[in-house]
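Since the structure comes first, as structure tokens, the remarks are kept for the end.
The values are calculated or read from the model by the stated rules, or taken from the named source; none is laboratory data. Predicted model only: the values in this text are computed from it and were never measured. Cβ placement follows ideal geometry from the backbone for every residue including glycine, while neighbour counts extend to all protein chains displayed.
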Amino acid sequence: MSNSHGIDDNRLNLNNDNSTMIDDIELDNIFDDSEQEVKQQESTLLSQQQEEWNYLKEDLHFLLTFQSIFYISEAAIKYVGANLADVLEWLLTHQHIDYEFYT
């Protein structure tokens, strides 16, 4: 049977059985789980970045303390700091290397 627009009336009826409701609930659970996983990954990434930042601040504090205690020139501290930054950058970009081999 067709309506005035030529669309079958049976196709217009919405499926209200329980299986559709269960599928919607399962889909909501999947989305909730995915959202929680993304939030956990974001918090892990933020904590790793915070750890790296804290490490860099500690190193800078050490260098400045070292300079003030032993009256080392600012140029020497800049040289050490720049080389240390290069080493840290290399370590951060090459995290896939197994460092246990070198220890």
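Tell me which residues, restricted to the stretch 54-69, are among the acidic types (D, E) and in contact (Cβ under 8 Å) with a residue 24 or more places away in the chain.
Residue satisfying the conditions is D59 alone.
Tally the residues that are of a type outside the set (D, E, K, R) and modelled with pLDDT of 80 or more, restricting the search to the stretch 70-79.
Summing the residues that are of a type outside the set (D, E, K, R) and modelled with pLDDT of 80 or more in the stretch 70-79 gives 4.
If you scan the stretch 44-77, which residues turn out to be among the hydroxyl-bearing types (S, T, Y) and surrounded by 11 or more Cβ atoms within 10 Å (Cβ to Cβ)?
Y55
Does any residue of the stretch 51-59 turn out to be assigned to a helix (DSSP H, G or I), hydroxyl-bearing (S, T, Y) and within 29 Å of E89 (Cβ to Cβ)?
Within the stretch 51-59, one or more residues are assigned to a helix (DSSP H, G or I), hydroxyl-bearing (S, T, Y) and within 29 Å of E89 (Cβ to Cβ).
Out of (1) at pLDDT below 70; (2) within 30 Å of Q95 (Cβ to Cβ); (3) of a type outside the set (V, I, T), the odd one out for L14 is which?
Every condition holds for L14 apart from (2).
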